[in-house]
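> Pasting in a structure now, in structure tokens, and then I'll have a few things to ask.
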Amino acid sequence: MIPVFDLKAQYAAIGGEVQQAVQRVLESGWYVLGREVAAFEEEFAAYVGVRHGIGVASGTEALQVGLMACGIGAGDEVITVSHTASATAMAVLLAGATPVFVDIDPATYTMRPELVETALTVRTKAVLPVHLYGQPADMAAVMDVARRHGLRVIEDCAQAHGATYRGQRVGAFGDLGCFSFYPTKNLGAYGDGGIVVTNDDALAEQVRLVREYGWRRRYVSEQVGLNSRLDEVQAAVLRVKLRYLDDWNAARRQRAARYGEALAGAPGIERHRLASTSCDASDADLRTAAAHYLYRAVAEGFADRVDRAVQEAPTLVDEQDAVTQRLRIAHVVGAHDHGRATVALLDQQALEHRRVDRVEALERLVDDEQIGRVDDRRDELRLLVHAA
């Protein structure tokens, strides 16, 4: 069985460095918000190209803390996309605000900036674009709309570590950028973690207050705050991994290019496309590059064929075993306004809320196609499409 995410292989390559880093923490006797966290915050902020990084407990809490630091709460609305992980909307709700959804661009699967203005109300306080699957949103257009209407911009970069838009790394465009370090991310910890980045000194101070009980001085709470702290062990691990992130992303892009070449001209297949495709890739100042957390493509009619296979199956087996463990088809997202379905490789639930026949029923469906799957043990990237 080929795992969707082979974290063991990654550890085998850098295990010695990781062990040294963890041992350094264990011997220090300081395990929360110490030197390792401070060093990683500085290093990651420099990597993104901003002045401040504030480590928190998870990517979801990075968004929640960021929203709270912007003063967003009960009675406020935040415009975001409907096609994203539930954590995006959940963070808005946890902050006390209301998420307002707009559709995505069917070519890039990121926010359609022109729809933001149609969703504005007197309660709108922020725009929350998502760099889904590692693909950068059209940040120039998003920022233009937000600035014209006096809105905060909080980037959800949970799947986009190292992605660039017109030569600048995502997370550096909005008022705040929020990242997750869940183990399967391009830059993943060996536990949970997240970070908020910003160029705004005042906002950075607010994020630090919200992160830890509203403390500026220990045990003195100046305002409402959470307990959302990145621990020293995870920071030490992330410092090791950050040194490899660009090389790992380059390998993902190479594999994505191979998938694109293999799918070129395939009937019924629409490959992923970046925002700002008018950019000249030879011009470093304009270059837009995905981080390829996932490789996304669209297959005409594939979801309907899976539905038929499920309906015709006489014997039920657990979806996690049948699909995630064998077929590696991890999620089928329902068709939107173009009547198509996206088949995305996620490391989580398989064919959510469905049960299937013996694995062979869907394997035959796949084997009948002209294009097979491409698996690579050295990287999480997996081909996620079969010809319709």
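The values are calculated or read from the model by the stated rules, or taken from the named source; none is laboratory data. Here the structure is a predicted model, which is why all the values come from computation and not from measurement. Cβ atoms come from the backbone with ideal geometry, glycine included; neighbour counts cover every protein chain shown.
> Residues that are within 15 Å of LEU176 (Cα to Cα): which strands (runs of 3 or more DSSP E) entirely in the stretch 55-141 hold 2 or more of them?
Working: elements: 77-81, 98-102, 124-128.
Answer list for the stretch 55-141: 77-81, 124-128.
> Restricting the first residue to the stretch 144-162 and requiring it to be in a helix (DSSP H, G or I), which pairs with a second residue that is among the basic types (Lys, Arg) meet a Cβ separation below 8 Å and a spacing of at least six or different chains?
Cβ pairs passing all conditions: ALA146/ARG152.
> Moving on to the next point. Only residues that are surrounded by fewer than 22 Cβ atoms within 10 Å (Cβ to Cβ) and either at pLDDT 95 or above or under 18 Å from ALA146 (Cβ atoms) (or both): list them for the stretch 105-123, please.
First pass over the stretch 105-123, keeping only residues surrounded by fewer than 22 Cβ atoms within 10 Å (Cβ to Cβ): 105-107, 112, 114-115, 117-123.
Matches in the stretch 105-123: ASP105, ARG112, GLU114, LEU115, GLU117, THR118, ALA119, LEU120, THR121, VAL122, ARG123.
> Additional query: Report, by residue number, each residue of the stretch 209-253 that is within 14 Å of VAL32 (Cβ to Cβ) and among the charged types (D, E, K, R).
Matches in the stretch 209-253: ARG211, GLU212, ARG218, ARG229, ASP231, GLU232.
> Among the residues of the stretch 185-201, is any in contact with a Ser or Thr (Cβ under 6 Å, 6 or more places away or on another chain) and closer than 27 Å to TYR293 by Cα? Lay out the reasoning, then the answer.
Initial filter on the stretch 185-201 (in contact with a Ser or Thr (Cβ under 6 Å, 6 or more places away or on another chain)): 192, 194.
When the remaining residues are screened for being closer than 27 Å to TYR293 by Cα, the result is 192, 194.
Yes, the stretch 185-201 contains at least one residue that is in contact with a Ser or Thr (Cβ under 6 Å, 6 or more places away or on another chain) and closer than 27 Å to TYR293 by Cα.
> Between a first residue in the stretch 231-247 that is acidic (Asp, Glu) and a second residue that is buried (at least 20 other Cβ atoms within 10 Å of the Cβ), which pairs have beta carbons less than 7 Å apart while being 6 or more apart in sequence or on different chains?
GLU232/VAL25; GLU232/GLU36; GLU232/VAL37; ASP246/GLY162
> Further question on the same structure: Please find, among ALA91, ALA46, ALA95, the residue that is under 20 Å from ILE195 (Cα atoms), free of Cβ contacts under 8 Å to residues at least 12 places away in the same chain and not β-branched (Val, Ile, Thr). Explain how you work it out, then say what you get.
Details: ALA91 fails: free of Cβ contacts under 8 Å to residues at least 12 places away in the same chain; ALA95 fails: free of Cβ contacts under 8 Å to residues at least 12 places away in the same chain.
When all the criteria are applied, what remains is ALA46.
> On the given criteria, is MET143 more than 30 Å from ASP231 (Cα to Cα) and crowded, with 23+ Cβ neighbours inside 10 Å? Reasoning before the result, please.
Values: more than 30 Å from ASP231 (Cα to Cα): yes; crowded, with 23+ Cβ neighbours inside 10 Å: no.
Considered against the rule, which asks whether it is more than 30 Å from ASP231 (Cα to Cα) and crowded, with 23+ Cβ neighbours inside 10 Å, MET143 comes out as no.
> Look at the stretch 237-294 and say how many of its residues are closer than 20 Å to GLN168 by Cα and at pLDDT below 85.
So the count comes out to 15.
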